[in-house]
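S.K.: Sharing a structure below in structure tokens format, with a few things to ask.
The values are calculated or read from the model by the stated rules, or taken from the named source; none is laboratory data. Note that the structure is a prediction, hence the values are computed from the model and not measured. Heads up, the Cβs are rebuilt from the backbone with ideal geometry, glycines too, and the neighbour counts pull from every protein chain shown. Side chains included, ligands, DNA and RNA excluded: accessible areas come from the protein's heavy atoms. Shrake-Rupley method; radii C 1.70, N 1.55, O 1.52, S 1.80 Å.
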Amino acid sequence: MKILVLSFFCYFFFFFFTPSLCRVPSETQLVTEPEHASTPPRGWNSYDSFCWTISEEEFLQSAEIVSNRLKPHGYEYVVVDYLWYRRKVEGAYTDSLGFDVIDEWGRPIPDPERWPSSKGGKGFSEVAKKVHSMGLKFGIHVMRGISLQAFNANTPIFDSVKGSAYKESGRQWRAKDIGLKERACAWMSHGFMSVNTNQEAGRAFLRSLYLQYAEWGVDFVKHDCVFGDDLDIDEITFVSEVLRKLDRPILYSLSPGASATPAMAKDVSELVNMYRITGDDWDTWRDVVSHFDISRDFSTSKMIGAKGLLGRSWPDLDMLPLGWLTDPGSNEGPHRLCNLNLDEQRTQMTLWAMAKSPLMFGGDVRKLDETTYNLITNPTLLEINSFSSNNMEFRYITGTEGSTSKNKVLSKDLAEGSILDRRALGLSVCMDPKANGWSIKALDQDLEKICWKEKLGSKFEEPPCLYKRKPLLASGEEMIYKQQYEGTLHLLASDGMELCFDGSPRRRLTSKEFGGGSFSPCKMDANQMWELNANGSLINSYSGLCATVGSLEADVDSSGTRSWIATGIRGEIYLAFFNLNPEKIVISANVADLSKVLPWKNLKGASCKYREIWSGNYGVTKQLISIAVERHGSALFVLLCD
Ligand SMILES: *[C@@H]1O[C@H](CO)[C@@H](O)[C@H](O)[C@H]1NC(C)=O
């Protein structure tokens, strides 16, 4: 009865009050949706503020604050990001070798200096216990496969079923029997490599990792270097199988997802609960902009909230680098403010909410300022993020004032970085007809080019070509080549230049520091081996993905004004406007056009009460919804039409 009265009250008055009063009671949520990850997961992750250097004390301090201040707003996971097993000493950094703490079975364990409670073989169990006592859930980042350090030490493999060393027909199996050295993680090649999941011993090793995480009390794993450019579908499939059989759910997250496509996601979404669909997001405007197209593509292909591991799965736009931060790949803790201005931050939060991305706050919660706090706990955004439906890009808007010059200005805005490299070379699943665009052109008797079908836009006079030759091999490598890569090619950036086209260029494709492009020094590496199929697709030996080339014009088109629409549980329509231009623009939509994408809403002659959440403006309209939006800013309308 109380609930009924409250909804009645909310229906009429929520425009004028904060909608947090009007949240659906959580009991109702539990009764109707008992499945795992039924709404986009929400929490805090240590990466954006501590990179890898966080200590137990800093982590627990942060968790306490998350519990007190953010948990009431649904932020329930606290996640230790990468390299918790690396000793923080002179010479240790992201791709250093030999600084990791591993157990006798080659498994990473927390560095006891940074994580003192792990001493005596306790792993993360004490930390997990404390996190649980705060009413939160505990997550860790893990890499693909096995470490090069364990491989070099040739550690024995643990058989979790028997509780002893893994043996097959009397022989004890070791790291070198299962590690695939030529499938090293491209962005951390001295760190980790895939294991052979076709061997029972390879599977036993992976099982021994994840059962240990479960024993420690881990509730969330963020699995790195297995998706997007670094696709390893076998490992994802097997890890998912291990997690499914546990007696309590562990949320399964994949990260990062540079070059991820909806088709690629369809192969994994039922195996996981969230998966990144971009490279790493940092606090640059270019990074914010780069998420609009990809979010649209994933909503169009109905991937938002699709079936997942023991519940649902969510395309993930990455952590929110807001507030007090560190720098990517740094050996330092938080030391600087977010570079986005408030309009840009609101744009980011609004897109993340409308696209129902998981919300993982990345800033230092110990220095959480009021503006950032209010933004990440905004009740309307959180309500949209958790409970809205029919989320999609909305095309029927117009932008006026200065819109004629916008493309020119915007391309200048973007061109300072690596937008060209980023757009120029991508990867997609080979089934995608878009990938069939390569053909051979002979130059002379010895040299052939492999060229893309089209020009890349007005800046480029010719379609792009790569130069073909057999891989350059050191003397010992002939055998491996013959066995595994016969017929594959190295593709050079230009004739005579010793840089090879790399299928896993850099994972942090959306951020400035790492925008270096898709070529690296030629070496015997599966990432650099390519095969041209008869249908014109160019397949990479490492990921099995095919190379595509996008156009620069497409990037310019992705500028301008954008809009997203969604519906709420009390009949609301949410309408967001985004101004990606470098100048203020008036953005408008017609009430009647809303029913073009929401045909079951009869909006002919309807009158809409509206409230815009950033300005606080409200009113009633029958025709036009219109507002001046600042450069890089957004507007978010909550509409009730009848
Ligand atoms: C092109 O050929 C390859 C290899 O036979 C195949 O895997 C791929 O699906 C084909 N692509 C299309 C779009 O037909």
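S.K.: Leaving ligands and nucleic acids out of the surface, order W173, W600 by accessible area at 1.4 Å, largest first.
M.R.: Correct descending sequence by accessible area is W600, W173.
S.K.: Right, next: Ignoring ligands, DNA and RNA, what accessible area per residue does the chain give at 1.4 Å, in Å²?
M.R.: For the chain, the solvent-accessible area averages 40 Å² per residue.
S.K.: Give, as a single signed number, the net charge of other residues whose beta carbon lies under 12 Å from the beta carbon of A353, with Lys and Arg counted +1 and Asp and Glu -1.
M.R.: Spelling it out: positives minus negatives among the neighbours equals +2.
S.K.: Provide the gained length on full extension for the span K162 to S389, in nm with one decimal, where the gain is 0.36 nm per separating residue minus the Cα-Cα distance.
M.R.: Additional length available on full extension: 77.0 nm.
S.K.: Could you pull out the GluC sites (Glu not before Pro) across region 60-128 that fall in loop regions by DSSP (anything but H, G, I, E, B) with no more than 13 other Cβ atoms inside 10 Å?
M.R.: For GluC sites (Glu not before Pro) across region 60-128 that sit outside H, G, I, E and B with at most 13 neighbouring Cβ atoms in 10 Å, the list reads E90, E104.
S.K.: When the label point is put 7 Å from the Cα of E113 along its Cα-to-beta-carbon vector, which residues of region 330-345 have a backbone N closer than 19 Å?
M.R.: 330-334
S.K.: Let me ask something additional. Can you give the FRET efficiency to the nearest 0.05 for Y618 and D593, using r as the Cβ-Cβ distance and R₀ = 30 Å?
M.R.: 0.90
S.K.: Give a residue-ordered list of calculated ³J(HN,Hα) values for region 212-217 (Karplus: 6.51 cos²θ - 1.76 cosθ + 1.60, θ = phi - 60°; whole Hz; x for Gly, Pro).
M.R.: 5, 4, 4, 4, 5, x
S.K.: Shifting gears a bit: In nm, what is the difference between 0.36 nm times the number of residues separating K181 and K604 and their Cα-Cα distance? Spell out each step's value before the answer.
M.R.: Values: separation 423, 0.36 × 423 = 152.28 nm, distance 6.35 nm.
Full extension of this stretch gives 145.9 nm more.
S.K.: 222 nm [θ] for the chain, helices only, -39500 (n - 2.57) per DSSP H run of 4+, per residue, to 500?
M.R.: Taking each H run of at least 4 residues, the total per residue is -7000 deg cm²/dmol.
S.K.: Applying 1/(1 + (r/R0)^6) with R0 = 22 Å to the Cβ-Cβ distance of K434 and E477, what FRET efficiency is obtained, to the nearest 0.05?
M.R.: 0.05
S.K.: Sticking with this one: Compute and list, largest first, the equivalent-ellipsoid semi-axes of region 118-159 from the alpha carbon gyration tensor, each √(5λ) rounded to a whole angstrom.
M.R.: 28, 13, 8
S.K.: Find out how many positive minus negative residues lie around Y618, taking Lys and Arg as positive, Asp and Glu as negative, among other residues whose Cβ is under 10 Å from that of Y618.
M.R.: Charge balance near Y618 sits at +1.
S.K.: Return the loop-located trypsin sites (Lys or Arg not before Pro) in region 249-322 (DSSP other than H, G, I, E, B) with at most 13 other Cβ atoms within 10 Å of their own Cβ; answer none if there are none.
M.R.: K302
S.K.: Further question: What's the magnitude of the charge dipole for the chain around its Cα centre, counting Lys and Arg as +1 and Asp and Glu as -1 at the beta-carbon? Answer in Debye, nearest 20.
M.R.: Value, rounded to 20: 1480 debye.
S.K.: For the chain, what is one quarter of the convex hull surface built on the Cα atoms, given in nm²?
M.R.: If you wrap the Cα atoms of the chain in a convex hull and average its projections, you get 30.3 nm².
S.K.: Still on this structure, please answer the following. So for H36, H190, what's the accessible-area order with a 1.4 Å probe, most first? List each step's numbers first, then the result.
M.R.: Values: H36 30, H190 85 Å².
Ranked from most to least accessible, the order is H190, H36.
S.K.: May I ask for the equivalent-ellipsoid semi-axes of region 34-387, computed as the square root of five times each C-alpha gyration tensor eigenvalue and listed largest first in whole Å?
M.R.: They are 32, 22, 19 Å, listed largest first.
S.K.: Given a Förster radius of 22 Å and the C-beta distance between T398 and S301 as r, what FRET efficiency does 1/(1 + (r/R0)^6) yield to the nearest 0.05?
M.R.: Working: r = 27 Å, r/R0 = 1.22.
Here the calculated transfer efficiency is 0.25.
S.K.: Still on this model: Report, to the nearest whole %, how much of the accessible area of region 34-387 belongs to carbon and sulfur atoms, 1.4 Å probe, protein only. If you can, show how the numbers build up before the last one.
M.R.: Working: 5480 of 11300 Å².
About 48 percent, which is the carbon plus sulfur part of the accessible surface.
S.K.: Taking H placed 1.01 Å from N in the peptide plane, check which residues at least 5 places from V226 or on another chain put their amide H under 5 Å from its amide H.
M.R.: Residues meeting the amide H criterion: S255.
S.K.: Using θ = phi - 60° and the Karplus curve 6.51 cos²θ - 1.76 cosθ + 1.60, what whole-Hz ³J(HN,Hα) does each residue of region 571-580 get, with Gly and Pro shown as x?
M.R.: Per-residue couplings from phi come out as x, 6, 10, 9, 10, 10, 10, 10, 10, 8 Hz.
S.K.: Full-extension gain between D444 and D267, please, as 0.36 nm times their residue separation minus the C-alpha to C-alpha distance.
M.R.: That pair, D444 and D267, stretches by 59.5 nm at full extension.
S.K.: Would you mind telling me the antiparallel percentage of the DSSP bridges in region 157-312, rounded to 5?
M.R.: Beta bridges within region 157-312, antiparallel portion: roughly 55 percent.
S.K.: In addition: Output wanted: per-residue J couplings in Hz (rounded whole) for region 629-637, from phi through Karplus 6.51 cos²θ - 1.76 cosθ + 1.60, θ = phi - 60°, x for Gly and Pro.
M.R.: Working through the residues one at a time gives 10, 4, 3, 6, x, 8, 9, 10, 9 Hz.
S.K.: Here's a follow-up. Which of the GluC sites (Glu not before Pro) across region 316-398 are loop residues per DSSP, with 11 or fewer other Cβ within 10 Å?
M.R.: E332
S.K.: Which one, N390, N535, L310, projects farthest toward the positive side of the charge dipole computed for the chain from Cβ point charges (K/R +1, D/E -1)?
M.R.: N390
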